Amino acid sequence: MFSDIDLARRLERAEARANAAFVEARAAVDPQSGARWIEAGGAYAMYDGVSSPVTQTFGLGLFADATSAVLDRIEAFFRERGAPVCHEVSPLAGVPLAALLAERGYRPVEFSSVTYRAMDRGGALGLSLNENIHVRPVEQHEGELWAQVSAKGWSEDFPGVTDFLLALGAISTRRAHTISFLAELEGRPIGAGALCVHQGVALFAGACTIPEARRQGAQRALMDARFRYAAEHGCDVAMMGAAPGSASQRNAERYGFRIAYTRTKWQLSHSSA
């Protein structure tokens, strides 16, 4: 399985669909939020609130040319909602797109490594697991518990997202094609993670462990359980996103993932908006 345009389209569409499902769940839980998404030129543009990290696009330039008309429509979608205009762009979309974005007043604000690996039907990773840690999908009524564990797990590394995560209780159990998992140590929840599935691609997201329970194997257990679940449900490729050179990227590589490409997030400057 090579890192080419076909793989990039599969990976980017899987992440786009995962975010679109999130927006749909937000709209169902809170109609007043105005959460909505559109497709323009093959890209998915999501609005989940002015400050939400979900408010951006995926797939720009991969499925069709990102013309000025396409960008005009997307920019209008975000401006009408008072939101920043951001695009996650794969380098396989080509240099001309980067040049067009620069011409329109965009600037790069973030990089992310998109990693992937092939999956076999058995879903075995061969990890050494702590037998006292049990991982399971959450029940319908456990959304708030999952959100609390997730918020606590990310609180030290990303304190700015705590409120966002705490608000995900109802959304976590209503998001289509997404399964939320809890890791428990002797019955006590200590870790959380999610798995989004789309057309054979398994997107691993949001895995964390509460600070006082780290270094006991919760992350390995979450990875193993989600990997097996994805294999059992017909996935043939797994993907994860991480900051370049981060501990998350190193962990992904330890699990057999390799870098498909480094993505750039472009944001339209205020002076150009």
Carbon and sulfur together cover what percent of the accessible area of segment 78-120 at a 1.4 Å probe radius? 57 percent
Gain in length, D120 to V50, computed as 0.36 nm per residue apart minus the alpha-carbon separation, to one decimal in nm? 21.2 nm
Taking the chain on its own, what percent of its Cα-Cα pair distances exceed 36 Å? 13 percent
Which one, S150, V201, I179, projects farthest toward the positive side of the charge dipole computed for the chain from Cβ point charges (K/R +1, D/E -1)? V201
So if R0 is 35 Å, what FRET efficiency would D6 and H134 give, r being the distance between their Cβ atoms, rounded to the nearest 0.05? 0.40
Restricted to the chain, the DSSP antiparallel beta bridge percent, nearest 5, is 90 percent
Of R228, R215, R104, the most mobile residue in a GNM of the chain (C-alpha springs, cutoff 10 Å) is R215
Between L11, L127, L92, which gets the highest mean-square fluctuation from a Gaussian network model of the chain, Cα cutoff 10 Å? L127
Top to bottom by accessible area (1.4 Å), largest first, where do R79, R10, R263 land? R79, R10, R263
Quick check for you: with a 1.4 Å probe and neighbouring chains kept, what is the accessible area per residue of the chain, in Å²? 46 Å²
Convex hull projection area averaged over all views, segment 136-267, Cα basis, nm²: 8.8 nm²
What share of the DSSP beta bridges in segment 33-144 is antiparallel, in percent to the nearest 5? 80 percent
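The values are calculated or read from the model by the stated rules, or taken from the named source; none is laboratory data. For clarity, every value in this text was computed on a predicted model and none was experimentally measured. Quick reminder, even Gly has a Cβ in these numbers, built from the backbone with ideal geometry, and neighbours come from all protein chains shown. For the accessible areas, the whole protein counts, side chains as well, though only heavy atoms, and no ligand, DNA or RNA atoms are used. Shrake-Rupley method; radii C 1.70, N 1.55, O 1.52, S 1.80 Å.
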